[in-house]
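Trainee: Just passing along the structure, written as structure tokens.
Bear in mind that the values in this text are calculations on the coordinates, not laboratory data. On a predicted model such as this, the values are computed, not experimentally measured, just so you know. Using ideal geometry, Cβ is built from the backbone for each residue, glycine included, and neighbour counts are taken over all protein chains shown.
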Amino acid sequence: MNASVTPLTTIPFTPSITDAPPFSVLVTLDGASYTLAAAWNIYGQRWYVTLTDQSGNLIINIPLIGSPPNANIYLTPGMFTVSTLLYRVATNQFEITP
């Protein structure tokens, strides 16, 4: 019996101090393209993540919350039908299931 394996896309979180925003990547969620960007918030002393559609409309702006190795803390819970998005602290990567 073959077990179904959900494909996983990993994206290293590699912010640059010379880019604005410091981190930005195009991702696919539920078959649509979105821009995932992260910027450091000096007052909050943490990274914040924004997700915008290709028209520039803001979908979500949230603090970057990391998932431990043995649990998943989704950044967009309930926002997409199939896709999931999380940040894995141990590997310093975003994980996306399309």
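Trainee: Name all residues of the range 57-75 having a backbone nitrogen under 18 Å from the label point set 7 Å from the Cα of residue 45 along its Cα→Cβ direction, giving them as ranges.
Mentor: 63-66
Trainee: Once you place label points 7 Å from the Cα toward the Cβ at residue 32 and residue 57, how far apart are they in nm?
Mentor: Those two pseudo-labels are separated by 0.6 nm.
Trainee: What length, rounded to one decimal in nm, is gained on full extension from residue 92 through to residue 73, with 0.36 nm per residue of separation minus their alpha-carbon distance?
Mentor: 5.4 nm
Trainee: Over the range 9-97, what is the mean sequence separation of C-alpha contacts under 8 Å (at least six apart), divided by residue count, expressed as relative contact order in percent? The partial results should precede the final answer.
Mentor: Details: 172 pairs, mean separation 22.1, N = 89.
Worked out over the range 9-97, it gives 25 percent.
Trainee: Report the chymotrypsin sites (Phe, Trp or Tyr not before Pro) located in the range 19-86 that are in a DSSP loop and have at most 12 other Cβ atoms inside 10 Å of their Cβ, or state none.
Mentor: In loop regions of the range 19-86 (DSSP not H, G, I, E or B), the sparsely surrounded chymotrypsin sites (Phe, Trp or Tyr not before Pro) are 43.
Trainee: So, one more: What's log10 of I(q)/I(0) for the chain at q = 0.10 Å⁻¹, Debye sum over Cα points only, no solvent?
Mentor: -0.27
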